[in-house]
Protein chains: 2
Amino acid sequence: METNSAKNRTGSLELDFDPSYLARCAQLAMVLEVSASPKPGNVDRDHDYPDTTFEHFLSSAIGTYPVLEEAARSQSGVGALIHAAAKESLRWQHGGNTHFGAFVLLIPLLMAAGSGRRVSEIVFGTTAEDAAEFYRAFSIANVRVDAVPEIDLEDSGSIDKILEEEIGLFDLMKLSVDHDLIANEWVNGFKRTFRCADLIREKADKMSINDAIVCTFLQMLAETPDTFIQTKFGRGKSIEVSEHASMIIAGNRDLNSIKSRVHEFDRKLIREKVNPGSTADIIIGGLFVALVRGLRV
Amino acid sequence: METNSAKNRTGSLELDFDPSYLARCAQLAMVLEVSASPKPGNVDRDHDYPDTTFEHFLSSAIGTYPVLEEAARSQSGVGALIHAAAKESLRWQHGGNTHFGAFVLLIPLLMAAGSGRRVSEIVFGTTAEDAAEFYRAFSIANVRVDAVPEIDLEDSGSIDKILEEEIGLFDLMKLSVDHDLIANEWVNGFKRTFRCADLIREKADKMSINDAIVCTFLQMLAETPDTFIQTKFGRGKSIEVSEHASMIIAGNRDLNSIKSRVHEFDRKLIREKVNPGSTADIIIGGLFVALVRGLRV
């Protein structure tokens, strides 16, 4: 029953942790992220999408526990674990894809934290079988992605091609590095995820966890255009949204002093059906790292 | 990774289930309960207490997973498991007691569902060691309870007395049957918990899970005065609150048609610092049973 949660509170992520402790940090990261409000454009405690609600996200976060724990015990099998997480998520709720991007970040982070290896080592070691499983996960999660010209996601022959040509999952991510924030994390050592963890930790010393998450979300969105928006609406729109976030968060004030502008930003994005989903995924990754390192509410 | 969540969807609770599946149902029950809003007088997604917030409840629900899973594998040790859950809850958040009453219901329910035995059999079989552990849990959770004249909770000699005189935990609960809803559940076969599960299930067919929980909460509160309120403010106040709930829920309408009156009720209870905490615990027990039986959002 004991966890080693107290151990290595301030250490780096790449240390040996109890798999159950890590899985709970991942669950809590997903639950705190979706609860944080007002989080412009995304589902939060006070805002559902028509088909995907706050409770769908909560159920997915909790239902995927065994896969998260399995990841924290695993040395390989990133693709199969992402696939398993996507499947288990859909068993626990009827709202469709809730956490696909989050799983793509969390699974290698859990593997790294559980084994004491660097996350960049984990993702670099992925194989063509991981890539094939990743594509199988896509097809059940019904995720919106930009087509990679080399590999057509709609074409079932793609998996055969991947396996025949031995294209690893890391290589596939490299193809998407410029138009997918999550792929970019894989290729660049999860640098935004770790930066996000630092921001949350720093802000949580000065404000409530809710406000720390919302302010970090706005700051991350201001710094990097969201590729989920880019995929749906084009590069111009994603830049416009980031500029808007930047205007609001400039000066690094607390949430109360900017709340009416955040609400107005939220209403605008919801009206336009613009949701910064990739930024939310990075927040989940960052929260996971911060929780593993000992952040508590 | 596979769970047998699909198995026995409509069967009775007393069937053999996967411990991880059961632990996740318990986590989700706690998370959905605290999220449901507006839930008059209690913490919910839109209302914190000064020292205990929505996020404290979320963290406690998620952090206690290993104890919940352990309970689903256990044939004995109710008291030690309640103690372990209370301890683990406090490791994950700084808001104090969030789920003590819920654990007192969930632990035997998890043991019953995991072993295929009846929950009344589980609680009837508890020993003096369970009672001693229960009292140890009390002292760390800092729970407000009505003193039982026979056993002084403030007196550290009470544990010695329990062990010497071999007073079982079930016997202790019998002493509290009239002034504690949770003890009453133990003694009377968890009848309100099972009724609550049926109500939630029935309502969830007709409305959102949030509204089903809120309406069930009001109905349960209307039917039975809350003993947490009784302990703090006396029997008269608890009856008055139930009569108010009864007036609002009369006619069994949907939540939208009564929402302004529910909000007004909520504001009144919060102003008076009256929180129907025992009813919230019963809701968690009922949600757990409904989720185990296959309820999904």
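Only the coordinates and a few stated rules stand behind these numbers; no lab work does. Just so you know, these numbers come straight off a predicted model, no measurement behind them. Using ideal geometry, Cβ is built from the backbone for each residue, glycine included, and neighbour counts are taken over all protein chains shown.
Helical runs (DSSP H, four residues minimum) scored at -39500 (n - 2.57) apiece and divided by the length of chain A put the mean residue ellipticity at 222 nm at -20000 deg cm²/dmol.
Calculate the mean, over all residues of peptide A:86-95, of how many other protein chain Cβ atoms lie within 10 angstrom of the residue's Cβ. Kindly include the intermediate steps, with their values, before the conclusion.
Values: counts 0, 2, 5, 0, 0, 5, 8, 3, 2, 1.
Per-residue shielding by partner chains comes out at 3.
Label-to-label distance, A:Asp160 versus A:Arg117, with points set 7 angstrom from Cα along the beta-carbon direction: 3.2 nm. Going by neighbour counts of Cβ atoms within 10 Å, the residues A:Arg293, B:Arg118, B:Arg24 line up, fewest first, as B:Arg118, A:Arg293, B:Arg24. Taking a ≥ b ≥ c as the square roots of the eigenvalues of the Cα gyration tensor, an a/c ratio of 1.5 or more together with a/b no larger than b/c marks segment A:192-285 as oblate. Within the shell of other residues whose beta carbon sits under 14 angstrom from the beta carbon of A:Val43, the net charge comes to -4, with Lys and Arg scored +1 and Asp and Glu -1. Just to verify a number: FRET efficiency for B:Thr224 and A:Val177, C-beta to C-beta distance, R0 = 60 Å, to 0.05? For B:Thr224 and A:Val177, the calculated efficiency is 0.50. Considering only chain B, the C-beta nearest to the rotation axis that sends B to A is found at B:Arg45, 2, the distance in whole Å.
Taken residue by residue and averaged, Cβ atoms of other chains lying within 10 Å of the Cβ of B:207-217 number 1. With a simple spin-label model that places each label point 7 Å from the Cα along the Cα-to-Cβ direction, the separation between B:Met207 and A:Ser246 comes to 4.6 nm. Here the simple spin-label model places points 7 Å from the Cα toward Cβ, and for B:Asn256 and A:Arg267 these points are separated by 2.1 nm.
The simple Förster model, with R0 at 30 Å and r as the Cβ-Cβ distance, assigns A:His94 and A:Arg73 a FRET efficiency of 0.50. What does the charge count around A:Ile82 come to, taking other residues whose C-beta lies under 9 Å from its C-beta (Lys +1, Arg +1, Asp -1, Glu -1)? Neighbourhood net charge equals -2. Note on B:Asp254, B:Asp130: ascending count of other Cβ atoms within 10 Å places them as B:Asp254, B:Asp130, the fewest first.
When peptides B:72-80, A:60-68 are sorted by average Cβ neighbour count within 10 Å, with the highest value leading, the order is A:60-68, B:72-80. Each of the peptides B:210-220, A:159-169, A:222-232 was scored by the mean count of other Cβ atoms within 10 Å over its residues; in descending order, highest first, they stand as B:210-220, A:222-232, A:159-169. Most tightly packed first, judged by the mean number of other beta-carbon atoms within 10 Å of their residues, the peptides B:44-53, B:275-284, A:82-91 read B:275-284, A:82-91, B:44-53.
Note down the net charge around B:Ser59, summing +1 for each Lys or Arg and -1 for each Asp or Glu among other residues with Cβ under 11 Å from its Cβ.
Combined, the nearby Lys, Arg, Asp and Glu give +1.
Taking each of A:Lys87/A:Lys273; B:Lys203/B:Lys232; B:Lys203/B:Lys268; B:Lys87/B:Lys174; A:Lys237/B:Lys39; A:Lys237/B:Lys259 in turn, the alpha-carbon distance tops 29 angstrom for B:Lys203/B:Lys232; A:Lys237/B:Lys39; A:Lys237/B:Lys259. The alpha carbon centroids of segment B:163-184 and segment B:215-236 are separated by 20 Å.
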